[in-house]
Amino acid sequence: MAIIPAGRMAANKRVKGLNGADVDFDQTWNVLEGAFKEIHTKNASALSFEELYRNAYKIVLKKKGEELYNRVAQFEEQWLGQNVRSDIVKTLSAPLMLADGTGRTLTTQTERRQAGERFLKALKAAWEDHQVCMGMLTDVLMYMDRVYCTDHRQPSIFAKSMGLFRDQILRTPVRAGMHSLLEILTRIILDQIGMDRDGESIDQFLIKSCVYMLEGLYESDQEVEDEKLYLKSFEIDFLESSAAFYREEGERLLKESDAGTYCRHAKRRIDEENDRCRSTLSESTTYKIQKVVEDELIRHKMKGLIEMETGVAHMVHNDRFQDLNLVFDLEARVDGKKPELTKAMQKIITEMGTNINNSAVTASTALPQAPAAADEAAAGADEKEKPKSGSAKTINQQTSAALKWVEDILALKDRFDHIIRISFTSDQTVSTAINRSMADVINTFSRGSEYISLFIDDNMKKGIKNKSESEIDAVLEKSITILRYLADKDIFETYYKKHLCKRLLLGKSQSVDVEKQMISRMKIELGNSFTLKLEAMFKDMTLSEELTNGYRNHVRNLGDADPKRVDLGINVLTAMTWPLEAFKGSSEQTSDGLETNKAQQVIYPPAIDLVRQGFERFYSEKHSGRKLTWQSNMGDADIKATFPRSKGGKPRTHDINCSTYAMLILVLFNDLAEGESLSVEEIQARTNIPWNDLKRNLQSLAVAPKTRFLVKEPMSREINPGDKFSYNENFKSEFIKIKVGVVSAGNK
């Protein structure tokens, strides 16, 4: 039967009532009560709502509003308790009324779902009927609401009836000692949601209707907004049970699944709960349930997730960039600082960096060939098979270790930069932490400054050879990149100045322009004060070239046409700018083993000394008051050597490039008669070369296989007091030009 909607008046049937001025309350109430029963039984089509309204109006007008209000409330209370409630209770099976109210004692999940749906449908129908009926009653009692309820601050009759539905239907226990319908409703909805989480199909619309009911009811008739029944009764239980569910699920998944699967599952659960709030519950719960899931599956499990066997370390080592992104997204949800992920990444990069540092230490400390074995090889092996000296091996070993360390560190940085960009969306917090750990790795390594300088040194000497501009630029950028991490730039500056000094003075650099580009980048990165002395070194080289050319022009203008005149090339170095210690040891020894730190002035042959003095006069004319100190240990010489003809051949002539010290030694043998020799003590007395430098140069001239211009007696690798040296007239080489390297005392 059709129900007349609220707000419309039907006039099909006149209701007997009061038409006069006098009002009999009981008689009028009986008329209204009868009409209300018709409305509740869906038989209101014949009622005249206009007449009913007039009757209620007259009662209120006669100051009977309070009595009318109470009678209506009593009627609704009785109707709900005797008629509506019993119909709902009939739909409850025994298991739903006992135990936890969810019906879990039923045999199957399907039975539980169906039993729950029967109850929900009955409750939904009762609620909707009650709302429709009370809407119609409100139309009839409109004047009472406007006058009596307003004046006496009473809830409207509609609000009062909603409160009665709450108290009579939901809050009253089904039977003594049993749950109320509200408790049963809450547990049934929670049970249905549990089924939904397990992938079962449920009637979302039906549950949503019951949620609407709870949102439309309040804890009291005052209808305070934040005291909705949904918030005070259902939502609290929903959030608590959800927390327990996800807490247990998270613990289980940490044991049973891998980290990537866990991350995807957690994200899916959050999305599911958001969808559930839209389709099944209330959107006002979205943020709250999302926080519950985030707390139980992410915040409280993040450390365990990261430390799983398949966790972050596994992801980094196996390039699982997507999984790393999932971990990042999850923790970013609960903490913008990402503390657990950041800590894990710092630990990983520290471990990987420490391994690189340890490998570099091992590589740099591995011993070269033992000296005794080297002596034997130098004395008795065929020239083509003779090994490099131990000191030369050490230099190569140190440089190789430095190159590998820098390349490994740069590769480590590139790896984590890629992770930051791809997996962590260039997040500043994580990036800063990783870079801080990278700096710790580099600065923990005691030889970091030296190795970075060696890396640049090797590239400047040979690494950039035949490289394109872009490739050279990449090398420079790599150098600056790793240089940024150094905490103590002063130590690096010390090494860099030494290496640059040798490159410039020994002509080892592939390109002065590239050297200057490197200095320019350092200036931008480290400031003007850092590069001041480096730039001064280049300035000295430029001025020295101009000075050398000026001196040569000066000599030509003097008209000296002696073809045997020594040609002099000069580098005038500012005393406080150049690290001249790069060319000498910390101390020197005399032939008797005594150490001395005093600088020694060598004895030059007359022809060379004449040229030296001539330059000093030329220089003092241009720079009055300046004093030149000759650093013979830093110079080199080009000399022409002629060896006796072999049987049936011609005299052998070679162009030899050697150190100034080696040149001073070799020219001593020009004046010796055939078969004569010089002891090491005699050589030192005639040249005044420091003992350590003398030994190294004699090793190069008498021991090194390819430059054995002198014969040593007795033959051994080491130079000892009493050793004698003579001219090697049997020297042979397939090369016209020969470069004599100096045996290194160590890696400076």
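Suppose the filter is exposed (fewer than 11 other Cβ atoms within 10 Å of the Cβ) and either part of a helix (DSSP H, G or I) or at pLDDT 85 or above (or both); does SER529 pass it?
Details: exposed (fewer than 11 other Cβ atoms within 10 Å of the Cβ): yes; either part of a helix (DSSP H, G or I) or at pLDDT 85 or above (or both): yes.
Spelling it out, SER529 is indeed exposed (fewer than 11 other Cβ atoms within 10 Å of the Cβ) and either part of a helix (DSSP H, G or I) or at pLDDT 85 or above (or both).
For ARG85, state whether it is out of contact with any Asp or Glu (no Cβ under 6 Å at 6 or more places or on another chain), of a type outside the set (Asp, Glu), farther than 30 Å from THR28 by Cβ and at pLDDT 85 or above.
Here the answer is no, as ARG85 does not meet what is asked.
Can you work out which of the residues in the range 43-81 that are in contact with a helix residue (DSSP H, G or I) (Cβ under 7 Å, 6 or more places away or on another chain) and in a loop (DSSP other than H, G, I, E, B) is modelled with the lowest pLDDT?
Filtering the range 43-81 for residues that are in contact with a helix residue (DSSP H, G or I) (Cβ under 7 Å, 6 or more places away or on another chain) and in a loop (DSSP other than H, G, I, E, B), the one modelled with the lowest pLDDT comes out as ALA44.
Taking only the range 481-494 into account, find how many residues are in a helix (DSSP H, G or I) and in contact with a Lys or Arg (Cβ under 9 Å, 6 or more places away or on another chain).
We begin by selecting, within the range 481-494, every residue in a helix (DSSP H, G or I); these are 481-483, 489-494.
With in contact with a Lys or Arg (Cβ under 9 Å, 6 or more places away or on another chain) added as a condition, the list becomes 481-483, 493.
Residues that pass the stated criteria total 4.
Among (1) at pLDDT below 95; (2) hydroxyl-bearing (Ser, Thr, Tyr); (3) part of a helix (DSSP H, G or I), where does THR432 come up short?
With (1) at pLDDT below 95; (2) hydroxyl-bearing (Ser, Thr, Tyr); (3) part of a helix (DSSP H, G or I) applied to THR432, the lone miss is (1).
Would you say SER446 is within 30 Å of MET345 (Cα to Cα) and at pLDDT below 95?
yes
Yes or no, residue by residue, for (1) of a type in the set (A, V, I, L, M); (2) modelled with pLDDT of 90 or more; (3) part of a loop (DSSP other than H, G, I, E, B):
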| site | (1), (2), (3) |
| --- | --- |
| ARG626 | no, no, yes |
| THR629 | no, no, yes |
| LYS647 | no, no, yes |
| ASP655 | no, yes, no |
| CYS658 | no, yes, no |
| LEU664 | yes, yes, no |
| PHE669 | no, yes, no |
| GLU674 | no, no, yes |
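Looking only at the range 303-340, which residues are over 18 Å from ILE419 (Cβ atoms) and not in a loop (DSSP other than H, G, I, E, B)?
Result: LYS303, GLY304, ARG333, VAL334.
List pairs: first in the range 147-170 and touching a residue at least 60 places away in the same chain (Cβ under 8 Å), second assigned to a helix (DSSP H, G or I) and among the polar types (S, T, N, Q), Cβ under 8 Å, 6+ apart or cross-chain?
Every condition considered, the pairs that remain are ILE157/THR138.
Does the range 310-329 include one or more residues that are over 26 Å from THR432 (Cβ atoms) and at pLDDT 95 or above?
Yes; the residues of the range 310-329 include at least one that is over 26 Å from THR432 (Cβ atoms) and at pLDDT 95 or above.
Does the range 554-566 contain any residue that is among the β-branched types (Val, Ile, Thr) and either in the same structural domain as LEU664 (by the TED database) or outside any helix (DSSP H, G or I) (or both)?
Going through the range 554-566, the residues among the β-branched types (Val, Ile, Thr) turn out to be 555, 566.
Next, only the ones that are either in the same structural domain as LEU664 (by the TED database) or outside any helix (DSSP H, G or I) (or both) stay: 566.
For the range 554-566, residues among the β-branched types (Val, Ile, Thr) and either in the same structural domain as LEU664 (by the TED database) or outside any helix (DSSP H, G or I) (or both): present.
All but one of (1) closer than 23 Å to ASP167 by Cβ; (2) in contact with a helix residue (DSSP H, G or I) (Cβ under 6 Å, 6 or more places away or on another chain) hold for VAL224; which doesn't?
Exception for VAL224: condition (2).
Please indicate, with yes or no, whether at least one residue in the range 703-717 is part of a helix (DSSP H, G or I) and either in contact with a Ser or Thr (Cβ under 9 Å, 6 or more places away or on another chain) or under 24 Å from ASP609 (Cα atoms) (or both).
Here is the first cut: in the range 703-717, the ones part of a helix (DSSP H, G or I) are 705-707.
Narrowing further to those that are either in contact with a Ser or Thr (Cβ under 9 Å, 6 or more places away or on another chain) or under 24 Å from ASP609 (Cα atoms) (or both): 706-707.
Checking the range 703-717: at least one residue is part of a helix (DSSP H, G or I) and either in contact with a Ser or Thr (Cβ under 9 Å, 6 or more places away or on another chain) or under 24 Å from ASP609 (Cα atoms) (or both).
Go through (1) closer than 23 Å to ILE169 by Cβ; (2) modelled with pLDDT of 90 or more; (3) out of contact with any Ser or Thr (no Cβ under 8 Å at 6 or more places or on another chain) one by one and return the number of the condition LEU92 breaks.
The number of the failed condition is (2).
Give the range 267-294 a look and list any residue that's of a type outside the set (D, E, K, R), farther than 21 Å from LEU330 by Cβ and surrounded by fewer than 18 Cβ atoms within 10 Å (Cβ to Cβ), or say none.
SER279, SER284, listed by residue number.
Restricting attention to the range 187-220, which residues are crowded, with 20+ Cβ neighbours inside 10 Å and either assigned by the TED database to the domain that holds ILE157 or acidic (Asp, Glu) (or both)?
If the condition is that a residue be crowded, with 20+ Cβ neighbours inside 10 Å and either assigned by the TED database to the domain that holds ILE157 or acidic (Asp, Glu) (or both), then ASP191 is the only one that fits.
PHE424 fails exactly one of the following numbered conditions: (1) under 20 Å from the mean Cα position of the chain (by Cα); (2) buried (at least 21 other Cβ atoms within 10 Å of the Cβ); (3) assigned to a helix (DSSP H, G or I). What is the number of that condition?
(3)
Which of the residues belonging to the range 445-480 are charged (D, E, K, R) and either without any contact (Cβ under 8 Å) to a residue 12 or more places away in the chain or not in a loop (DSSP other than H, G, I, E, B) (or both)?
Once the filter is applied, which keeps residues that are charged (D, E, K, R) and either without any contact (Cβ under 8 Å) to a residue 12 or more places away in the chain or not in a loop (DSSP other than H, G, I, E, B) (or both), the range 445-480 yields GLU450, ASP457, ASP458, LYS461, LYS462, LYS467, GLU469, GLU471, ASP473, GLU477, LYS478.
Any residue in the range 714-738 that's under 15 Å from ALA704 (Cβ atoms): show its pairings with residues that are among the aliphatic types (A, V, I, L, M) and part of a strand (DSSP E or B) at Cβ separation under 6 Å, as long as the two are six or more apart or on different chains.
From the range 714-738, the pairs are PHE725/LEU678; PHE725/LEU710; ASN728/LEU710; ASN728/VAL711; ILE738/ILE656.
Looking only at residues that are among the acidic types (Asp, Glu) and within 60 Å of the chain's Cα centre (by Cα) in the range 626-677, which one is surrounded by the most Cβ atoms within 10 Å (Cβ to Cβ)?
ASP636
Of the residues in the range 501-526, how many are within 35 Å of the chain's Cα centre (by Cα) and either more than 21 Å from SER468 (Cβ to Cβ) or buried (at least 16 other Cβ atoms within 10 Å of the Cβ) (or both)?
Residues flagged as within 35 Å of the chain's Cα centre (by Cα) and either more than 21 Å from SER468 (Cβ to Cβ) or buried (at least 16 other Cβ atoms within 10 Å of the Cβ) (or both) within the range 501-526 amount to 10.
Quick one: count up the residues across the range 254-266 that are surrounded by fewer than 19 Cβ atoms within 10 Å (Cβ to Cβ) and either touching a strand residue (DSSP E or B) at 6+ places or on another chain (Cβ under 6 Å) or assigned to a helix (DSSP H, G or I) (or both).
6
Considering only residues that are small (Gly, Ala, Ser) and over 27 Å from the mean Cα position of the chain (by Cα), look in the range 460-490 and name the one that is farthest from THR531 (Cα to Cα).
Filtering the range 460-490 for residues that are small (Gly, Ala, Ser) and over 27 Å from the mean Cα position of the chain (by Cα), the one farthest from THR531 (Cα to Cα) comes out as SER468.
The values are calculated or read from the model by the stated rules, or taken from the named source; none is laboratory data. Model, not experiment: these values are computed from the prediction. Reconstructed Cβ throughout: ideal geometry from the backbone, glycine too, with neighbour counts over all protein chains shown.
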